[in-house]
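The values are calculated or read from the model by the stated rules, or taken from the named source; none is laboratory data. Here the structure is a predicted model, which is why all the values come from computation and not from measurement. Note that each Cβ is placed from the backbone with ideal geometry, even for glycine, and that neighbours are counted across all protein chains shown.
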Amino acid sequence: MTGTRTSFATHDCGFAQAIEHIGDQWSFLIIRNLFMGMTRFEDFAAHLSISTKVLSSRLQHLVDEGLVASTADEHDGRSKIYRLTDKGQGLSPVVGALTQWGETWVPKEGGPRTEFYDLDTGEAIEGFAVISRQGGLIAPDRVGHRTGPGGSKVRDELDALVEKREGR
């Protein structure tokens, strides 16, 4: 992605790679709007009050990263329709969790700005859960972390710094 943003392309960490592939704050807002059904360039530009140059760059980045697909508008061949790919759809729990975090920790007087609900039942969704491979619900404060089979130099360095600081 162009601009003055620091690249995390060589940062050996899943979190950093996710940020690298998604992009910046505008990209997150574009993804949010795609989840909410927005598909057209002019609608993104109007809703986000973003310059067309920045919007074009961010959309192209999301397309290049495989998070968004663009197709010609069948009614207007000059326009494109943008949709999330399966890879982009995989961000659903991230978008939902960040939104709910914002509603909890940066609330608006009068209630939540956005509510999530089950499309089958209409029942409100209270949170995005962490679930074990066996299907059990895990409380956020009961989630640990360790170096995975792929290893990570960044992860090893982080662990070493924390251990040193804690005197382990």
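Structure notes:
- Condition check for E126: of a type in the set (D, E, K, R), within 21 Å of A97 (Cβ to Cβ) and at pLDDT below 90: yes
- The one condition in (1) at negative phi; (2) modelled with pLDDT under 95 that G3 fails to fulfil: (1)
- Hey, R113 assigned by TED's automatic domain parsing to the domain that holds A45 and within 28 Å of L55 (Cα to Cα) or not: no
- Among residues of the stretch 22-36 that are closer than 15 Å to S92 by Cβ and assigned to a helix (DSSP H, G or I), those with a beta-carbon under 7 Å from a residue that is at pLDDT 90 or above and of a type in the set (S, T, N, Q) at least six positions away or on a different chain give the pairs F35/S92.
- Test: residue in the stretch 119-141 that is of a type in the set (K, R) and touching a residue at least 12 places away in the same chain (Cβ under 8 Å): no
- Every residue from the stretch 84-97 that is over 15 Å from E115 (Cβ atoms) and part of a helix (DSSP H, G or I): D86, K87, G88, Q89, S92, P93, V94
- Checking G23 against (1) among the small types (G, A, S); (2) at pLDDT 90 or above; (3) within 29 Å of S152 (Cα to Cα), the condition it does not meet: (2)
- Unmet requirement for T104, which otherwise passes all of (1) over 21 Å from Q17 (Cα atoms); (2) over 19 Å from the mean Cα position of the chain (by Cα); (3) of a type in the set (S, T, N, Q): (2)
- Extreme residue, nearest to the chain's Cα centre (by Cα), among residues of the stretch 32-51 that are surrounded by fewer than 11 Cβ atoms within 10 Å (Cβ to Cβ) and within 18 Å of A72 (Cα to Cα): G37
- Checked against (1) at pLDDT below 90; (2) surrounded by fewer than 13 Cβ atoms within 10 Å (Cβ to Cβ), T71 meets all criteria but (1).
- Test for A72: is it in contact with a helix residue (DSSP H, G or I) (Cβ under 7 Å, 6 or more places away or on another chain) and free of Cβ contacts under 8 Å to residues at least 12 places away in the same chain: no
- Residues of the stretch 110-131 that are more than 17 Å from M36 (Cβ to Cβ) and part of a strand (DSSP E or B): A124, V130, I131.
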